[in-house]
Every structure is written in C-alpha cells, then in structure tokens.
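Every read-out reported here was derived from the displayed coordinates using simple, explicitly stated rules and does not represent laboratory data. Here the structure is a predicted model, which means the values were calculated and not measured. All Cβ positions, even for glycine, are placed from backbone atoms using ideal geometry, and neighbour counts span all protein chains on display.
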Amino acid sequence: MFKRHYLSSLILGTALTGCASHATTAPSSPLKAAALAPVANTTDTAPAANGAELADFNSWRQGFRSKALAKGIKPAVFDRAFKGVTISKQVIKLDGNQAEFTRQIWDYLDTATSATRVNTGREKGQALASTLKAIETRYQVDASVVLSVWGMETNYGSYRGNTSTIAGLATLAFEGRRRDFAEQQLIAALQILQAGDVTPERMRGSWAGAMGHTQFMPTSYLEYAQDFTGDGKRDIWSEDPTDALASTAAYLKRFGWQHKAPWGVEITLPKNFDYTKADQGNRQPVSVWQAQGVTTIGGQPLPDYGEAAILVPAGAHGPTFAIFKNFYVIRRYNNATSYAMAVGHLADKIAGGGEFVAKWPREERALSRNEKIELQRILTAKGFSTQGADGVIGPNTISAIRAYQQSRKQVADGYASASLLEQLKK
C-alpha cells in the first residue's frame, strides 16, 4: 500500500527507528503481510524464467487449481484468470530486495506531506466535495483523512500500479517465501473475479497484490470494499475513486475511528520527564499525563480524547506527541509508526494545519541496516541484550538502549541514533 512512489520504500517502522515489517497485526489489513511492497513499476527487467522453472510453475499452478476449485472457484473463472500467467522474475526480485538504508522520520514526512501533495489533496477535496461529504456523513470518518490515505497510497490515484494481481500473487505463491499468504490472497482475488466486480484484465495494482486507489489486498476487499455509487460493483479500480474512498472510510470506521478527533497533538514534556513512559503501548487517561505536567506545545492543557500515549519519534531531541485512538486506527491500515504520522500530518495540513513547532534533529543521519545490526551486537556484548541482531529497531532493542542510557545516567529515550552508535563503539 504505499504509493511508491512508494513512500513505502521509505518506511521507518513501528519503533519509528526501524522498519516495522510493514506487516500489520490487523488480520485483514489492506496491507497485510508485507505491504508486501511498494506500488513499484514491474516492467520485467529481470531474466526470463527458464524451462525448468516454468515446468515447476506449471506443476504448482495445477496443484493450486485443485485447491481453488475445492474452495468453490469455477473452472472457467480460474482458467480465464490464469490465461497467459507465468513467473515474473521482476516480482521475485522486488520481493527479495531489502533496503540497506532507511530515511529519517523527518525526511520521510517532508516527502509524504510536501506542499505539492497538500495542494493536490486540497484540489481533489474541492473537486470531490459532495462525494467526500456523503462518505463522511455515512461512515463518520473525516474527509481529510480519507484524502490523506489516498494521497499516501497512490498519489491520489495517479500511480496505482500496473501489475496483474493474479500474476503477481501467483509468482509470490510459487516462490514459496509467503506461499500460504499469497495463496490466500489468490483465492480471494478469484472470488472477486467470480463475483463480477472486475475482469482479470482490469485487476491490476502493486506487484504484491494491493489493488486500486487505496491499495486493498484481496481479502480486505472482500470484507470491507463498498459499492458507494450503487452500480452493483465495488469498483476500486475505476478512474472514479468513489468506491475506493468509501472503502477506506469503511475500513477505518470498522476499527474504531473517532470522528472529528485528532490522531495526536504536539506537546511539551516537563523537565525530568521519565522517557521510559514514552511508549506506544503505555496508554493512560489524559488526566495522568496532565498531572505529570504534560501540556500542548502552546502551553495549554492537554485535550482529552480518551486514553493517550507519548510518542517521541526522534528521541528527546525532536517533536513530541500525545497520540490518541485514531493513531492506532491508522496503523491498522498500515502498521508503521511513520505511516500513521504521515497520514495524520498530511490530513491536518490538507485541512489547513501547519508544520510541527519543535524542530527535528536534522543533523542526525539515518543508520543503515548494517549499522543497526552493529549497534544491536555491541549493546548485547555490553550486557544489554537486544534478543538478536536483525537490523530492526523494535521493542527489545529500544529497551536495551534505554537500559544502557540509564546505566550512564543519560536521558533514556531509547532512540537509536548515529551518535549513540559512535558512543557505543568508543
């Protein structure tokens, strides 16, 4: 689900310091399992499959055909969907790529919420005002947020991907690394075709199987897609984005979107704040944070939109936020902290909001994956176990960093920075 122009390739991750796998924990998230990937151009520049590979693919296809028919897929539907489908070596190549470098959260947000994207979002909002108003009225999801997801996913429909959904998922299933997931999505895609919502030729999108204006995976389409136009088809592939936008609103509503409530607000933390409490899992009544001296960035009392957690995406040296229910709902759509912040911030700016007040520590460079592994290994060697060295800065690594920082009487913000790595190497 990520436009990618794929912002997805920029993804930072759940800990906001490492890639979140991008695989959401929501069983039916549009990007389930992988976001498997960006909406990337899949013009096949990789070598063609050889004879042995094609023979193996045909064998897999025959076996999968039996599975599909056992699930109620009609033979004619399967055969038409798979007509001409073969291995895409480019999909295999893209699936195997693992970026060595990630971008800092501020660089990611600069791109995700650029002036161009904001202005285009406002223009689209004006052009589709009546449609968006009707969607907001029915689903009680703010129009600016629906626009923001659309902008993040496919740059407002301008780049939806052009890979055959059947071919992309068939390749992933044949490859085997995510066979169960890909076959599940393929069955769902065939069910969509069998229902007549779209033809195999029009069922196109990301190489990883995400489809349409707001990049739904087939299983999520089956559960959440909407026929808002009333033409009898849930058409998220059409040039008209109405059904796709309504589907996104329905998805967000299903997971508890709170109408007219913020995803988060920028805050000021009191001196000597205990940064070990700054954890997305530490959701407390707003009164708890108010009692500790947390205020808005402008010094006003922290507004009460239900339980809130404290988010410090750049550690103690950047903007800080109180995040509410809607932040977590966005993460059901795409399970990355960076993505949720981008959707929320872009929506705010489309609605007339501005930049964050506090400045990012732009002098801090991003760690490469190898440097993250090095950081994890050094921490573990010093007695602060990260429970493995995989280059992903998750909860275990953050806890290890905090323990190390506390041992040196430093601010225990758990932030994996280049300066921290240099300190550890000394």
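Here are the numbers:
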item: The range 83-136: trypsin sites (Lys or Arg not before Pro) in DSSP coil with no more than 14 other Cβ atoms inside 10 Å; result: LYS83
item: Nearest 10 degrees, 0 to 90: helix 337-350 Cα axis against the chain principal axis; result: 90 degrees
item: Proximal aspartates and glutamates relative to LYS253, as straight alpha-carbon distance under 17 Å, when same-chain residues fewer than 8 apart are discounted; result: GLU136, ASP142, GLU223, ASP227, ASP243
item: Loop trypsin sites (Lys or Arg not before Pro), the range 302-385 (other Cβ atoms within 10 Å of the site Cβ: 16 or fewer; DSSP); result: LYS359, ARG362, ARG365, LYS382
item: Proxy reagent accessibility, fewest Cβ within 10 Å first, across GLU123, GLU239, GLU53, GLU364; result: GLU239, GLU123, GLU53, GLU364
item: Pair ALA127, GLN292: separation of 7 Å Cα→Cβ label points (nm); result: 4.5 nm
item: Given charges at beta-carbon only (K, R positive; D, E negative), |dipole| of the chain in Debye; result: 560 debye
item: Computed lengthening from SER158 to ALA115, 0.36 nm per intervening residue step minus Cα-Cα distance; result: 13.8 nm
item: Long pairs among LYS271/LYS359; LYS277/LYS409; LYS271/LYS425; LYS260/LYS325, criterion Cα-Cα beyond 21 Å; result: LYS271/LYS425
item: Expected 222 nm ellipticity per residue - DSSP helices of 4 or more, -39500 (n - 2.57), all of the chain, to 500; result: -13500 deg cm²/dmol
